[in-house]
Structures are given as structure tokens and as C-alpha cells.
Amino acid sequence: LIVFFAIAMTASIIAMEFQYGTIKQLLYRRYYRSQVFVSKIITLLIGLVLMEVLSNAVTWALKFGLFPKVALDAKMTGGRTLIEYYAQSLGADMLTTILLMSLVLLLATLFKSNAAAIVTGIIGYFVASLAGSFLMLLIAQHEWVKWNPFTMLMLSAQVQSPNFAKMTMLSTPVMIYCSLGYTVVLGLIAYLSFRRRSV
């Protein structure tokens, strides 16, 4: 659910400003577009962190309420403890969500309505999820395909199952750096699109 809320929140925070003309009020108050854009990003990141905190609070409440005997230091396959696996999965999920949010942010600066940005973001998320096996086949035939941003959306799957690296042909640290790199690049393109968009 966090992914869908994040997509909707990201699409709405900019597209609705243009759709209803409220962006004019901000710019008439002598705020620079860069200030407005950075404030939107900070708001989105705070919103994502709050959703993750709430989600984890519910997870831990259910764990201690329903499964108090499950040991957090129990070893799993690959030698990781349950708590290590949980923390690594959480970090990978957040990186993947932030990458997806940067893509939706770019779309929100291009579309005139937030509904179009939301629908495109959700469809893109499902297409990326469903196209995973097809992408693996492409990577097996043409190794250079592994560098596309949709491969980086599989970071969570690779953290949960390290054997996934044989299919993506990328190590987990490389995927993390590429995810961060794509997030920054998409964010910069979104900023340039935001600056050029007429009010």
C-alpha cells in the first residue's frame, strides 16, 4: 500500500498545483521555483518516512502481539538473521520506492492533471513488476540491458534472494548505487521540466 500512496502523493503534490492554479500563489510571493521544488521533495520524503514508521509500528505490534516466540536472531538461509533480513529488505524497499517516486515526479511535471500522473505511475509500476521475467530474458541475451532503470526496481527482490544477482547480472551494491544515480538524474530532469513549465 505504501507504494500506491507514495505514487498518489508524488503525482498530486505538483500536478494538482498546476491543475488548480495554486502554483501561481507560491510564485507571486517571490519564491523561486527551485525553493518550491525542493520543498515538495522534502515534503514527499517526510511523508514516505512517516508511512514507513507507521507500517513498521504495525508490523512490530503484530509480531510481539501474535508471534512473541519468533526469535529475531534466528538464522535464515544465507546466514542472515531475521532482523538483518528485515532491515535490509526495508532499506531496499525504500530505495525502490524513492526511485519510483522520482519517475512519477517527472511525469507529474509533464502532465496537466494529477490523475494522469497517478494512473501512469501505477501502470508503470505494474508493468515493471510483470515485465521482470521478460527483462531477465533480455538481460541474458544482451547484457547491456541490465543498466536500464527498470532493472533497479528489482533491488528488493535481489536483497531478499541473493541468487537473483545471477539473473540481473549486477551485484547488490551496484544496484544500490545505480538506483541512487537514477533517482538523482530523474529528479534533475523533473526539476528542469518544472522550471520550464508555464504557469
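Considering only MET169, ALA190, GLY121, the residue lying farthest towards the positive end of the dipole of the chain is ALA190, judged by Cα position with unit charges set on Cβ. Taken along the Cα-to-beta-carbon direction at a fixed 7 Å, the label points for VAL49 and LEU110 span 3.0 nm.
With 5 Å bins beginning at zero, the pair-distance distribution over Cα atoms of the stretch 60-99 amounts to 6, 23, 19, 21, 18, 10, 3, 0 %. About its Cα centre, the chain has a charge dipole of approximately 640 debye under the convention of +1 per Lys or Arg Cβ and -1 per Asp or Glu Cβ, with nothing else charged. Close amide-amide hydrogen proximity is noted between LEU153 and no other residue 5 or more places distant or on a separate chain, at a cut-off under 5 Å (H modeled in the peptide plane; Pro and chain starts excluded). Dividing the Cα radius of gyration of the stretch 1-88 by 2.2 N^0.38 Å, with N the residue count, gives 1.65. Annotation: amide H of THR81 within the under-5 Å range of MET76, sequence separation 5 or more or interchain, hydrogens built in the peptide plane. Restricting the calculation to Cα atoms, every distinct pair contributes to the Kirkwood radius of the stretch 73-199, found to be 15.8 Å.
For the stretch 118-199, which trypsin sites (Lys or Arg not before Pro) pass both filters: DSSP loop (anything but H, G, I, E, B) and at most 16 other C-beta atoms within 10 Å? Can you show the working numbers first?
Working: sites: LYS146, LYS166, ARG195, ARG196, ARG197; in loops: ARG197.
Sites meeting the loop and neighbour criteria: ARG197.
Mean residue ellipticity at 222 nm from the helices of the chain, using -39,500 (n - 2.57) per DSSP H segment of n ≥ 4 over the full residue count, to the nearest 500 deg cm²/dmol? Don't jump to the answer; show the numbers that get you there.
Working: 10 runs with 153 residues, N = 199.
The per-residue figure over the chain is -25500 deg cm²/dmol.
Heavy-atom accessible surface of the stretch 71-193, averaged per residue, reaches 53 Å², computed with a 1.4 Å probe.
Applying 1/(1 + (r/R0)^6) with r as the Cβ-Cβ distance of ILE2 and GLU84 and R0 = 22 angstrom yields a FRET efficiency of 0.55. Using only the alpha-carbon atoms, how far is helix 82-110 inclined from the longest principal axis of the chain? Give it as 0 to 90 degrees, nearest 10. Relative to the chain, helix 82-110 is tipped by roughly 20 degrees. Of the solvent-accessible surface of the stretch 74-163, computed with a 1.4 Å probe and all protein chains present, 72% belongs to carbon and sulfur. Within the full protein context, the accessible area of THR96 is estimated at about 20 Å² for a probe radius of 1.4 Å.
Note on the chain: GNM, Cα springs under 10 Å; of THR97, THR151, THR22, the largest mean-square fluctuation is that of THR22.
The values are calculated or read from the model by the stated rules, or taken from the named source; none is laboratory data. Here the structure is a predicted model, which means the values were calculated and not measured. Neighbour counts are summed over all protein chains in view; Cβ atoms, including those assigned to glycine, are modelled from backbone coordinates with ideal geometry. These accessible areas exclude ligands, DNA and RNA; they are computed on the full protein's heavy atoms, side chains included. Shrake-Rupley method; radii C 1.70, N 1.55, O 1.52, S 1.80 Å.
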